[in-house]
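Report on one structure; see the data block that follows.
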Amino acid sequence: MGMDYSAIKDWILREDSFDPEKLGKCEAVMSLGNGYLGLRSAAEERYLNETRGLFVAGTFNKFDENEVTELPNAADMTAIKLSVNGEIFSLTEGAMEDYARELNIRTGELKRSVIWTSPKGTKIKAVFYRIVSLKRLHVIAQRVELTPLDADVKIEIKSGINGKMTNTGSQHFSDGDKRFYDKRVIQFVQTTGQSKIDFVDTTVHKLALDGEVLPMEAEVYIERREIFAGYNVEVKAGQTLSIEKYSTVYTTRDLDAEGKTAADLQKLALETARELEALGYQALLEESARQWEEEVWNLAPIEIEGCEMDEFAVHFAQYHLRLMVPAHDARMNIGAKGLSGEGYRGHTFWDTEIFLLPYYIFTDPKTARKLEEYRYLSLPGAHAKAAHNHYKGAMFPWESAWLDDGEVTPEYMDVDILTGKPNKVWSGFIEQHITSDVAFGVWQYSVITGDEDYMEKYGYELIMDTAIFWASRLEKGTSDDNKYHINDVVGPDEYREHVNDNAFTNYMAHWNMQKAMEYYHLLKKEKPEIFARLNEKLNLEEAYPQWENGCANLYLPVPTKENILPQDDRYLSCRDIDLGKYKAQEHVGGITRDYNLEQINQIQVSKQADVLVLFFLLEDIFPQEVKKASWEYYEKRTLHDSSLSLSTHSVLACDMGEMEMAYDLFRKAAAIDLGPFMGSSNAGIHAASFGGVWECVVYGFGGVRMLGGRLRINPSLPEKWTKLSYTIIWKGQKLAVEVTKDEVHVTNLTGTKKVEIEVNGEARIL
């Protein structure tokens, strides 16, 4: 199996060979979706090492009390079992030629083709097509074309709904109602065990021979957790049998399902199945492709001249950024693997605010607002976590799922290589910077969009509620210290556990309280009604002096005489080792094979960007010499064992003028999922990394930054690029930016308001 990049100019990612031992990569990176559902691109026929997956956003369930909630792997509706003259169609048997699997990211269509010779010598051409409709949230459509090449054949088809799926062994569904309407439409109802969400799965088939529809009745097979139809068709040599399969999934958690029963959804799904059958695959493909143009490629075009692979990489990122985002429903957010696999259980992290949100804010503010509304709607879980830990205000979970689930980080994972015992996952307990990350997301959304309605309804409250947490979290130092500290935390660098005064955590907590004070004065002066409402709800007049005291006395790490900002209270005093072999490693996490986490904690090594993320978010509060010295110091000691890290270092390398390294880090970030390593994406794509790729292009090389409420464009192109074009939306105005080696052109395409920007250090008005 290998990735073939020869067709990227046509927006196509191709797999040019088939290896049954390495199926996970293409299942994930070629996955399909629309933000409501995500479908791994497993083949129609079944294989031993496959991981089939269908995930519906927001449908979290807990298998038992010893586990945390996760997105359940829903019933499989894409499998089609084919037999030719009694021989099962399988690429592990017989021989094949001209194999290719192609994902067209422009249209969202997956195509697979092969000429297969059975073990007994029957030769057949098989072509498989598949989409998840971007136009119709609930719809999966498939088309299979089978052409016998040298003899007449009898083809047997078995296809339907398989409800036996698990999440690596955990079964989330009951065995529910099965129906077979008109000997054509198959329906299966399942219910999640703990969250009691009904899933209504429906599928219908249409067969045609050389384009003539076959009015066939199916044989029906009903088994435990499974229902499928059987067809037998005789096909002459040279004729083409087509099988079209239209499937839908509806759930009682759907936004428009409030008040509806499973029976109501069954009726709706049955009507939809008949409508889809009448439309046919080609019409569904064409309307979905038009939606892709409208929602993504026309909305946020990016062009790079000079390297086709780099342009494809950012388009590939945009493709997945649309697949993963539940733009239809503010009660849901983005999982760390999107909807492409079971990794991280579908949970939401700080990834959304820091790495993903900027893309949506600058290109699709309506979707960005929904992601931000999710944080407000999940405040009950944040309040519960704060109260459980004896703090006040809103303490956001490190991992979030459904709105009222609260903290869903697993308590133990993996094994300590020295003790053989499970490793305790401390992130859910002490990786607390997530709370200020959420506040920062609110602020950057509000400033870039100018959405005052959001701030009045949700944003001011979120920033103040999180600031109340930080004021209650501060710890008094020793009697001769007179400073507040934030002790026993994990910063963004997760190789550093139980540290005190992590620079990122402290500075962001300080920023959070400072921003709350700023908005306190603004509301009191300009929006007294909103101030009165929030004062009654949050007791702002009591909170304000606590913020003021906290900001005045919180310890903020200061640079050394070498201008290095300490990552935490002991990083710079830990021992240095030669990290050469780990920096050069092909696979992430190599250091954990030689040292356990306790030992790593005593070494000057970082899993991922930490101090540098602080420079990325709050770059205007640090002098350039501190940023430069710290960047050089920590880059040498950062292994990039997290997919979040490379893009941050790339953007900052642009700021430092280190363009060769910036480009190298960008290419590495793009290769996390898109590259040739076949084991990188088995559990799903790396969602935040795709946001990071966009940030590399637009923030790094494109020079865009929002600093203190102002828009800055200070681009610098890599040597290979001759031109970069992109669009961003700033306070409701769509700006087109075109960058060459010598010039920057910025045009206000909307033109309804003046836009003040800084371009290459000069203030300009559009």
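The values are calculated or read from the model by the stated rules, or taken from the named source; none is laboratory data. Because the structure is predicted, anything quoted here is derived from the model rather than measured. Cβ sites come from the backbone with ideal geometry, for glycine too, and all protein chains shown count toward neighbours. The accessibility values were calculated without ligands, DNA or RNA, using every heavy atom of the protein model including side chains. Shrake-Rupley method; radii C 1.70, N 1.55, O 1.52, S 1.80 Å.
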- Per residue of the chain, what 222 nm ellipticity follows from adding -39500 (n - 2.57) for every DSSP H run with n ≥ 4, rounded to the nearest 500? -9000 deg cm²/dmol
- Message: Which one, Y519, V200, N167, is farthest towards the positive end of the dipole of the chain when Lys and Arg carry +1 and Asp and Glu -1 on their Cβ?
- Response: V200
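Which net charge results for the neighbourhood of N535, defined as the other residues with beta-carbon distances under 10 angstrom from its beta-carbon, given Lys and Arg at +1 and Asp and Glu at -1? Intermediate results must be reported in sequence, preceding the final value.
Details: positive: K524, R533, K537; negative: E536, E541, E542.
Taking every Cβ under 10 Å from that of N535, the sum is 0.
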- Query: Once the Cα atoms of helix 262-279 and of the chain are each reduced to a long axis, what angle between those two axes, in degrees from 0 to 90 to the nearest 10, is obtained?
  - Reply: 60 degrees
- Message: If packing is taken as the average number of other Cβ atoms within 10 Å across a peptide's residues, how do 516-525, 317-326 rank, most packed first?
- Response: 317-326, 516-525
- Give the shape of the stretch 550-675 as rounded, prolate or oblate, defined through the alpha-carbon gyration tensor: a ≥ b ≥ c are the square roots of its eigenvalues, a/c under 1.5 means rounded, and otherwise the shape is prolate if a/b is larger than b/c and oblate if not. oblate
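I want the local charge near E234. Using Cβ-Cβ distances under 9 Å, sum +1 for each Lys or Arg and -1 for each Asp or Glu among the other residues. Each step should come with its number before you reach the end.
Values: positive: K154, K236; negative: D152.
So the environment of E234 carries a net charge of +1.
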- DSSP bridge orientation in the chain - percent antiparallel, rounded to nearest 5: 95 percent
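Add +1 for every Lys or Arg and -1 for every Asp or Glu among the other residues with Cβ under 13 Å from the Cβ of F666, and state the total.
Working: positive: R667, K668, K720; negative: D310, E311, E658, E660, D664, E695, E719.
For residues surrounding F666, the net value is -4.
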- On a 0 to 90 degree scale, rounded to 10, what angle separates helix 503-526 from the longest Cα axis of the chain? 80 degrees
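Taking all protein chains as present, what is the carbon and sulfur share of the accessible area of the stretch 308-425, in % to the nearest whole number, probe 1.4 Å? Present the calculation step by step, with values, prior to reporting the outcome.
Details: 2010 of 3830 Å².
Ligands and nucleic acids excluded, carbon and sulfur give 53 percent.
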- Of all accessible surface on the stretch 673-766 at a 1.4 Å probe, what whole percent is carbon and sulfur? 49 percent
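Compute the accessible area per residue over the chain, keeping the other protein chains in place, probe 1.4 Å, unit Å².
Numbers: 29010 Å² over 766 residues.
In whole numbers, the chain has 38 Å² accessible per residue.
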- Note on the structure: For the stretch 194-348, shape from the Cα gyration tensor axes a ≥ b ≥ c, cut at a/c of 1.5 then a/b versus b/c, turns out oblate
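May I ask you to give the percent of accessible area on the stretch 12-154 that is carbon plus sulfur, with a probe radius of 1.4 Å?
Numbers: 2100 of 4660 Å².
That share works out to 45 percent.
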- Task: Return the tail of the calculated pair distribution for the chain, meaning the percent of Cα-Cα pairs more than 49 Å apart.
- Result: 19 percent
- Prolate/oblate/rounded label for the stretch 1-106 (Cα gyration tensor, a/c 1.5): oblate
- Message: Can you tell me the orientation of helix 540-553 relative to the chain, as the angle in degrees between its alpha-carbon axis and the longest Cα principal axis, to the nearest 10?
- Response: 70 degrees
- Query: How large is Rg over Rh for the stretch 694-766, taking Rg from the Cα atoms and Rh as the Kirkwood inverse mean of 1/r across Cα pairs?
  - Reply: 0.94
